[in-house]
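Coordinate-derived values only; no laboratory data. Being a predicted model, the structure only gives us computed values, none of them experimental. Note: ideal-geometry Cβ built from the backbone for every residue, glycine included; neighbour counts use all protein chains shown.
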Amino acid sequence: MPSPAVVSPVAAPIVASAATLSNLNWSTLVETLGLTATNQQLAMNCSLRRVEGATLHLTLDEGQGFLLSKERERRLEQAVQAHLGEGVRVSITTISSGTATATTPSAPTPAQLRERRQQEREAAARVSIERDPQVRAFRETFNAEVDPKSICPLDV
């Protein structure tokens, strides 16, 4: 009697739902894509303009246009597909600075958000130094000054 055939289950392709795509946080996704070098820089400097069906429409400021090539766009799309599903497409359009309007504002890019967080951390570190009782005592006792360029957050 022949032995029964063993059938390996075939993994169904991951397909992101419309709800997942419409609630997509581009910055969070970019951090998880595992991209490196120029491919990561491309993703970091793109902004999610809109989701249309299963297509992510990204914009890239023309000042960063040197990052864009068909090969890099393909690699970015492959990385996105690995996380959201094979049916997801990526379309990148370069725009001139200031193209965003009141009705279609441009979301900040992951690179802009990272820079903003860094600036906020640096500002908090400066405030912390200014309020530190020991720093105040040194200032009063020795007429000392703090070099603002020397202040940086502890976790840098």
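The table below gives the values:
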quantity	calculated
Among 55-67, 22-34, the order from most to least packed when residues are scored by Cβ within 10 Å on average	55-67, 22-34
The stretch 36-156, dipole about Cα centre (Lys/Arg Cβ +1, Asp/Glu Cβ -1), debye to the nearest 20	200 debye
